[in-house]
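The values are calculated or read from the model by the stated rules, or taken from the named source; none is laboratory data. These numbers were taken from a predicted model, which means no experiment stands behind them. All Cβ positions, glycine included, derive from the backbone under ideal geometry; neighbour counts span all protein chains shown. Just so you know, the surface numbers come from the protein's heavy atoms only, side chains and all, with ligands and any DNA or RNA stripped out. Shrake-Rupley method; radii C 1.70, N 1.55, O 1.52, S 1.80 Å.
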4 protein chains.
Amino acid sequence: MDPEQRIRASFAKQGLMATLGATLGSVAPGAVEIVLLPGPAVSQQHGFVHAGAVSAIADSAAGYAALSLMPAGSGVLTTEFKINLLAPATGDRIIARGRVVKSGRTLTLALAEVFAERAGQERLIALLTATLMSITGREGIED
Amino acid sequence: MDPEQRIRASFAKQGLMATLGATLGSVAPGAVEIVLLPGPAVSQQHGFVHAGAVSAIADSAAGYAALSLMPAGSGVLTTEFKINLLAPATGDRIIARGRVVKSGRTLTLALAEVFAERAGQERLIALLTATLMSITGREGIED
Amino acid sequence: MDPEQRIRASFAKQGLMATLGATLGSVAPGAVEIVLLPGPAVSQQHGFVHAGAVSAIADSAAGYAALSLMPAGSGVLTTEFKINLLAPATGDRIIARGRVVKSGRTLTLALAEVFAERAGQERLIALLTATLMSITGREGIED
Amino acid sequence: MDPEQRIRASFAKQGLMATLGATLGSVAPGAVEIVLLPGPAVSQQHGFVHAGAVSAIADSAAGYAALSLMPAGSGVLTTEFKINLLAPATGDRIIARGRVVKSGRTLTLALAEVFAERAGQERLIALLTATLMSITGREGIED
């Protein structure tokens with residue numbers, strides 16, 4: 001399976017992404033994009049997109065960026081992430097762009113920038129850094 | 001409105017919590033509990049609860065713990081959080097328990113411990129620390 | 001070597017701790033204390049203890065708490081930490097108390113609470129969470 | 001005072017930087033560089049530069065990048081930072097480059113990349129993200 005197919009097949013298994021209505025955007029080696037549409041189903045109490053939903057797509061974008069550089073057969077798990085939320089998440093689309101900062105044998109550092117797009121203009125609303133662990137040879141943990 | 005009613009009314013407006021099937025557990029001044037049931041709708045690719053869903057309930061639990069100590073009329077926004085994921089999130093129930101570490105005029109530090117319960121036994125699976133900002137006098141940002 | 005001797009011998013090799021004038025306090029399995037005296041040598045521009053010095057003793061306290069539970073012959077490295085600074089670091093003594101949250105084969109999560117002591121009263125001024133990695137069989141990386 | 005002079009004057013008051021032997025490199029609006037020389041005085045137990053020393057220069061570089069964009073008369077305090085440590089800090093020089101990600105009225109997000117230079121080659125060894133708070137009108141908290 002080529003790397004893009006691998007990411008797309010794995011993303012299709014993330015029930016949470018379907019539940020949130022998130023979709024996979026562009027996929028390249030070390031760089032993955034996920035898109036979320038604002039709306040009541042993903043909101044917090046003031047009507048903005050919930051920090052948890054922003055974090056979910058940012059974490060997935062970072063994780064798939066990491067997975068895209070890992071050897072076939074290995075799986076990826078997030079061991080930690082931090083997210084700074086810079087502005088309320090509103091607009092036409094929320095776009096998380098993950099990319100690998102440093103790829104290691106066991107641990108990979110990735111970051112994700114999250115943008116709110118309104119009328120074609122993007123604004124940075126959050127920044128995530130995440131540590132991803134490569135898991136090999138554990139049953140059920142692949143991709 | 002008493003503090004518990006305030007938290008319950010705000011939680012009911014978080015569309016994301018309904019979408020995830022998360023429910024509010026106990027609510028006390030400075031301490032709030034949120035419960036999530038594992039299942040395909042909140043899963044990642046290996047069948048565990050997605051780190052984003054774990055983060056969402058942990059962030060909300062920490063945020064509401066902070067809000068429970070803020071003056072009436074103020075609203076709460078997360079400015080940043082970090083979560084360490086200690087073990088795959090599986091089991092009968094995932095329980096996030098938020099509590100305030102230090103409450104300030106503008107910024108509050110809260111943490112949330114997340115437990116996986118299986119057959120009545122709880123195991124710590126994640127730890128979140130979050131900075132919450134108190135917002136006053138901004139239209140639409142209340143509770 | 002017993003665990004306390006192991007930690008004390010390793011601490012004595014941390015040139016930075018001597019440079020900062022930091023000293024090792026109590027050492028128990030999974031819990032280690034480090035003490036720093038405020039003063040111009042460790043200050044930032046307003047005269048408070050520098051966040052970097054607070055972080056240094058908090059990181060070491062968390063790291064040694066982790067090392068105290070690792071098998072003999074293994075070494076400890078910090079892979080990431082986050083610190084929330086709650087109040088300016090001033091007073092008679094700054095005390096970092098590290099303890100293990102979850103000890104794993106490869107990764108350990110530890111936290112450190114940092115207190116400022118003035119006239120015998122302690123106040124929480126910072127909270128750190130850190131991921132520590134156990135390293136085995138790499139030359140020069142022991143304790 | 002011009003912005004560069006302001007940063008250089010404030011840096012000269014950071015007793016910790018002198019104690020560590022750290023020096024200020026280039027200073028531009030929103031971007032500040034700090035340099036540290038490895039050696040026993042800033043080491044941890046295996047002889048690498050201590051994570052606390054790496055964090056101290058990274059935090060200062062991020063903080064001064066933030067201060068460089070703040071109005072005269074305001075002071076800067078770090079409220080939180082996270083650092084991911086990617087490789088042991090060794091080499092001829094350790095260089096922290098801070099820059100502002102988003103500048104706000106009260107809170108600024110900055111990051112710092114830390115490089116180890118050996119034989120003229122740089123390698124990324126750490127990444128820090130920090131929240132800086134602008135303080136105005138509090139006696140003794142300036143620059």
Accessible area of B:K102 in the full protein assembly, 1.4 Å probe (Å², nearest 10): 70
Label spacing, shortest first and in nm, from D:Q121 to its equivalents in the remaining copies (7 angstrom along Cα→Cβ): 4.5, 5.0, 5.6
Accessible-area ranking of B:T108, A:T78, largest first, probe 1.4 Å: A:T78, B:T108
Inter-copy label distances at C:G73 (7 Å, Cα→Cβ; nm, one decimal): 2.8, 6.5, 6.7
Largest to smallest accessible area among D:E122, A:E117 [probe 1.4 Å]: D:E122, A:E117
Per-residue average of Cβ from other chains inside 10 Å of A:130-136: 2
Peptide-level mean, for A:95-107, of C-beta atoms on other protein chains within 10 Å: 2
Average Cα contact separation per residue, region D:55-129, under 8 Å, 6 or more apart, as relative contact order %: 36
Surrounding net charge for B:E117, when Lys and Arg each add one and Asp and Glu each subtract one, Cβ distance under 15 Å: 0
Heavy-atom accessible area order for C:T129, D:T90, largest first, 1.4 Å probe: D:T90, C:T129
Residue of chain D nearest the D-to-A rotation axis [by Cβ], rounded angstrom distance: D:K82, 2
Solvent-accessible area buried by pairing C with B, both sides, nearest 100 square angstrom, 1.4 angstrom probe: 1200
C:T79 accessible area, assembled protein chains, probe 1.4 Å, Å²: 20
Using a 7 Å Cα-to-Cβ projection, D:K102 label spacings across copies, nm, ascending: 2.4, 2.6, 2.9
Shielding of B:52-65 by partner chains, average beta-carbon count, 10 Å: 5
Order by protection proxy (mean Cβ within 10 Å, highest first), peptides B:42-49, C:3-10: B:42-49, C:3-10
Rounded accessible area per residue of chain A, 1.4 Å, Å²: 37
Estimated 222 nm signal from helices in chain C, with DSSP H stretches of n ≥ 4 weighted -39500 (n - 2.57), rounded to 500: -7000 deg cm²/dmol
Degrees separating the helix B:51-67 axis from the principal Cα axis of chain B, which is the longest one: 30
Carbon/sulfur fraction of accessible area - chain C, other protein chains in place, 1.4 Å, %: 52
Exposure of A:D92 as accessible area (Å², to 10), given a probe of 1.4 Å and all protein chains: 80
Tilt relative to chain D, helix D:3-12 - C-alpha long axis, 0 to 90 degrees, to 10: 60
Partners for D:K13 among lysines (Cα-Cα distance below 28 Å; same-chain residues under 8 apart left out): C:K82, D:K82, D:K102
